[in-house]
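S.K.: Sharing a structure with you now.
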Amino acid sequence: TRYSDKPVEERQMEERLLQVIHRAIQEEEGDILVFLPGAAEIRRTELALLKQPAAASVAVYSLYGDLPSEQQDQALLPDPRGRRKIVLATPIAETGLTVEGVRVVVDSGYMRTPEFSPKTGMTRLTTAFISQASADQRRGRAGRTCPGVCYRLWTEAEHQQLQADRSPEIAHADLAPLALILAEWGAAPDELMW
């Protein structure tokens with residue numbers, strides 16, 4: 001695990017990420033899995049990578065939930081032309097997936113989480129820093145099939161300050177629909193076994 005030598009602010013994340021990706025290309029072997037918070041950051045990073053001189057020697061793939069399944073499959077399989085791959089992914093690739101050939105993970109440290117606002121009565125996506133458990137899951141993607149390396153865009157001291165695990169969804173979800181369903185059933189929340 002290689003930590004950043006200084007803190008990286010969210011607004012500097014994409015620029016710093018590109019620097020770390022280029023460093024990983026030069027220092028390490030194997031395909032690279034890059035964790036970003038969402039599809040917008042993935043598209044911007046992909047465009048920036050494709051403008052680089054090294055773009056001809058690598059294949060850049062995206063991996064996020066709204067992609068058609070055939071494009072998701074392409075990101076998971078070896079490049080048909082045998083080029084080194086850079087897979088730009090949301091936390092969809094954090095668990096349960098093995099991206100063949102990945103020996104390097106570059107982790108931005110951010111993810112999107114739904115957050116309910118009682119003030120507005122609406123749920124919105126916010127960008128938040130990941131937990132230590134998520135960071136460990138992401139790092140593990142580099143070592144699935146052989147030894148690997150993980151570059152983190154935060155310092156080791158910042159890592160110690162991260163929450164141990166994500167807060168449960170119930171702590172920040174809109175519970176009004178559940179309350180309405182229970183009322184329709186004629187049941188009180190404390191009458192049910194949760």
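S.K.: If I filter segment 165-180 for residues that are in contact with a helix residue (DSSP H, G or I) (Cβ under 8 Å, 6 or more places away or on another chain), open to solvent by 90 Å² or more (accessible area, probe 1.4 Å) and of a type outside the set (A, V, I, L, M, F, W, C), do I get at least one hit?
M.R.: yes
S.K.: Please indicate, with yes or no, whether at least one residue in segment 165-172 is hydrophobic (A, V, I, L, M, F, W, C) and part of a helix (DSSP H, G or I).
M.R.: Looking through segment 165-172, at least one residue is hydrophobic (A, V, I, L, M, F, W, C) and part of a helix (DSSP H, G or I).
S.K.: Name every residue in segment 85-128 that is closer than 25 Å to LEU47 by Cβ, part of a strand (DSSP E or B), touching a Phe, Trp or Tyr at 6+ places or on another chain (Cβ under 8 Å) and of a type outside the set (A, V, I, L, M), in order of residue number.
M.R.: Answer for segment 85-128, where residues must be closer than 25 Å to LEU47 by Cβ, part of a strand (DSSP E or B), touching a Phe, Trp or Tyr at 6+ places or on another chain (Cβ under 8 Å) and of a type outside the set (A, V, I, L, M): LYS85, ASP107, TYR110, THR127.
S.K.: Could I ask something else about it? Please specify each residue of segment 71-101 satisfying the condition of being within 15 Å of the chain's Cα centre (by Cα) and in contact (Cβ under 8 Å) with a residue 40 or more places away in the chain.
M.R.: Within segment 71-101, ILE86, VAL87, LEU88, ALA89, THR90, PRO91, ALA93, GLU94, THR95, LEU97, THR98, VAL99 qualify.
S.K.: It is to be established whether one or more residues within segment 43-56 are in contact (Cβ under 8 Å) with a residue 40 or more places away in the chain and surrounded by fewer than 21 Cβ atoms within 10 Å (Cβ to Cβ).
M.R.: yes
S.K.: Would you please name the residue that is farthest from LEU33 (Cα to Cα), looking only at residues in segment 65-84 that are part of a loop (DSSP other than H, G, I, E, B) and open to solvent by less than 70 Å² (accessible area, probe 1.4 Å)? Steps first, answer last, please.
M.R.: Filtering segment 65-84 down to residues part of a loop (DSSP other than H, G, I, E, B) leaves 65-68, 77-83.
Checking which are open to solvent by less than 70 Å² (accessible area, probe 1.4 Å) leaves us with 65, 67-68, 79, 82-83.
Numbers: GLY65: 16, LEU67: 17, PRO68: 19, ASP79: 14, GLY82: 16, ARG83: 14 Å.
The qualifying residue farthest from LEU33 (Cα to Cα) is PRO68.
The values are calculated or read from the model by the stated rules, or taken from the named source; none is laboratory data. What you see is a predicted model; the values in this text were computed from it and never measured. Here Cβ is always computed from backbone atoms with ideal geometry, including for glycine, and neighbour counts include all displayed protein chains. Accessible surface areas use protein heavy atoms only, side chains included; no ligands, DNA or RNA. Shrake-Rupley method; radii C 1.70, N 1.55, O 1.52, S 1.80 Å.
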